[in-house]
Structures are given as C-alpha cells and as structure tokens.
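Since the structure comes first, as structure tokens, the remarks are kept for the end.
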Amino acid sequence: PLLVLSFKLTNIPLPLVIIIIALFFPVIKIIETINTVFLGGAQILCGNYIGRNQLKKSSAIFSIDIISILTVGFITTIGCILFSVFTPALFGQDVVLTKSFCDYIRGYSIGIIPLLLITQLSAFLQIERQEKRVYTGMVVMIVLNILLDIFFVSTLKWGLFGLGLATTISNYAFAIILAFYYFLGKSSIKFSFEDISFSDIKEIVRIGIPGAISPFGQTIRATLLNAIMMTYVGNIGIATFSVINTFGCVYWALSAGVTSAVKVLVSIYKGEEDRSGLRDIMKTAMTKGVGLVSIAAAIFILCAPIFTNLYFRNDAGVIYDLTLEGFRMFPVTMPLSCICFIFGNYYQCMGHFKKV
C-alpha cells in the first residue's frame, strides 16, 4: 500500500507502472530462482555444520556463497542492461510501453546485486538472532524508496527510470545495514577468504536445486500467462495479474517466515542428530505455523475490496471486477502452499531430494 501511495504521488499513471512490473516479473523470478539455489544449499550446509559445532566450516560455506552470489549478480546486471539497450522495438509499435519498460530495467538492474545480498544476509542473520536488524533495514528501505520515488519522478522528472533507480538505492541501503553487522566482528559466522574451497559450490548447488523448483515453475507460469494475456486479454489482464502478484509478496511473506524457520532449525537439529527436536519443529510448524497462515488468509479474503480499491475505483469496470476476484481467490492457496513448503524444506534438509 505504501508503494501504491508513492506511485500516486509521482503522478505516473498507475496502470502503466503495474503493466511494466508485470512484464518484468519473469525476470525477477529468474533472479529469485538462482538466488534460492545458492541460499538454500548454503543455509542447510551451514546449519548442519553449526549443529556439529564446526563454525569454521560454516564460515567457509557462507563466504563462498556470498562470493558466488556477487558474481551471479554482476553477470545478471550486465545482461539486463544490454537487454534494455538492444530491444528498442520490444512491443512493436507501442513506443511508450517499450521506452518505459527499458527505462525501468536500466534503473532497476543496477540494484540486482544488493537485492541478492539482502536475501542471503537476511537468512543468515536469522541464525545470528539478528531479526531486529533485518526489520530496521526493511523500514529504511521502504521509507527511502517512497521518498526517492517522489524526488526522482516528481522533482527530477526521470519517469520509470527514476522508479527503478529509487528501488536500487533503497536496496543498497538495506544491504549495507545488514552487511555492517559482519564488519563489526560480532557474528559467529564470519566472511573470510581463508579455508574457502570452490569445490563447495557444487555441493551448495546440488542441495539448493530442489528448493528452486517452485520459483522456476512460477517463472514459466508468469512468462506464459503474460504472453496469453497480451494476446487474448490485453493490458487489462496484465494489470490484474501484476496487482495480484504484487500483493502475493505480502501473502507469501507469512508462509516464508514459517518455512524459512523450518529450514534453519531442521538443518541445525539434523547436524546435532536430535530426532525429538525435529519432531517438535514439524509439529509446531504444522499446527501453529499453518494455523497462523490460515487466519491471515481469511483476513485477506475479507479485505479483498479494500485492497482492490487501493489500485482501481469500483467504477473502473472489468479490471476492478477481475482484480477483486483475484484478491478473493489467491489467499485460498496460502495454507496448502505453506504445508507444501514446510515438507519441501524438511525433505531438502534431510537429503530426500526426490520427495521435494
């Protein structure tokens, strides 16, 4: 809702912003898929080594993971910039949409590296019990993003490039806040070039690939749905799809919190070979965790008209009706998805990759 407010304050047509985000969504999911592979594998390996009290080996895994993800981020950034430069006729005769899309990519792509770091460091700071630092960074990112949206677009008139750049700078601020903890020397898992083994990358990827099945599937789904809606529905369908996906980040945040905790704790208890601890984790996740997500899903369904009105007026016609229907249907999947991810993370941590 805060980001929607910032878009309205910048006087950029909200439907145009929504369509641009929808068209860029598959690229974001590809980045998320790659990030999930490295994060999942490194997090599980670090948890196992912590359970065995091998902190030096945990630091080595953490270090090679950060180096790998920085490399991936650099390559992806260059690829996105080149893509935006060499696709002047991406949407045929729609010059405004093509220019806006390319401008947004140029502004956003510079922030891919900190975006990857945010995900990685947030997960590892869970192990360090530094959740407050993550919350602080998130608040700073949101407030800074809104202020920069208004400044770059309303004052400097940078359009969609300004919106993308605002997100980039906000990502860097968030990443710096998270990374600063490791520079203080207080962390139990430390970044160091010592004892790094590049052969660990293979093991990280092997363990992490099963966890990337879901974002990879969402990438394919988003790409196909964008193509179908561009052909048969037009901008109305894409705008509706984008709005639901945007709020989907709020929906999945609850499930992600539950399932991420399962991954961290199961990996540690597996390293300790604590079977009773594993049973307690799964019991808590399947009762309290799924219960919390189910309650939230019911609240989201009841609030569907409120969420829809943030984007479209009730006299907007078909686009309003489609968005309202999406807001009512989407939360129904939340409890089932949470259960799937709980067991998926459990099997991944335990090495039962075929079940994942």
Can you tell me which residue is surrounded by the fewest Cβ atoms within 10 Å (Cβ to Cβ) among those in the stretch 187-216 that are over 30 Å from TRP252 (Cα atoms) and among the small types (Gly, Ala, Ser)? SER199
Examine the stretch 267-280 for a residue that is touching a Cys at 6+ places or on another chain (Cβ under 9 Å), of a type outside the set (A, V, I, L, M), closer than 28 Å to GLU325 by Cα and in a helix (DSSP H, G or I), and state whether such a residue exists. no
Complete set of residues in the stretch 30-78 that are open to solvent by less than 10 Å² (accessible area, probe 1.4 Å) and among the charged types (D, E, K, R): ASP65
In contact with a Cys (Cβ under 8 Å, 6 or more places away or on another chain), open to solvent by less than 20 Å² (accessible area, probe 1.4 Å) and under 23 Å from SER63 (Cβ atoms): is that true of ILE112 in this structure? yes
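Give the residues of the stretch 199-209 that are over 17 Å from the mean Cα position of the chain (by Cα) and touching a residue at least 40 places away in the same chain (Cβ under 8 Å), sorted by residue number.
Result: ASP200, ILE201, GLU203, ILE204, VAL205, ARG206, ILE207.
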Single residue of VAL293, VAL318 found to be in contact (Cβ under 8 Å) with a residue 12 or more places away in the chain, of a type outside the set (Ser, Thr, Tyr) and surrounded by fewer than 15 Cβ atoms within 10 Å (Cβ to Cβ): VAL318
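Having 2 or more residues that are of a type in the set (Gly, Ala, Ser) is the bar; report the helices (runs of 4 or more DSSP H) wholly within the stretch 289-356 that clear it.
Of the helices (runs of 4 or more DSSP H) lying wholly inside the stretch 289-356, those with at least 2 residues that are of a type in the set (Gly, Ala, Ser) span 290-302, 334-350.
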Subset of the stretch 216-254, residues within 29 Å of GLY289 (Cβ to Cβ) and of a type in the set (Phe, Trp, Tyr), comes to PHE216, PHE241, PHE247, TYR251, TRP252
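The values are calculated or read from the model by the stated rules, or taken from the named source; none is laboratory data. A quick note: this is a predicted structure, and the numbers were derived from the prediction, not measured. Don't worry about glycine lacking a Cβ; one is built from the backbone with ideal geometry, like all the others, and counts go over all protein chains shown. The area values use the complete protein model at the heavy-atom level, side chains included, leaving out ligands, DNA and RNA. Shrake-Rupley method; radii C 1.70, N 1.55, O 1.52, S 1.80 Å.
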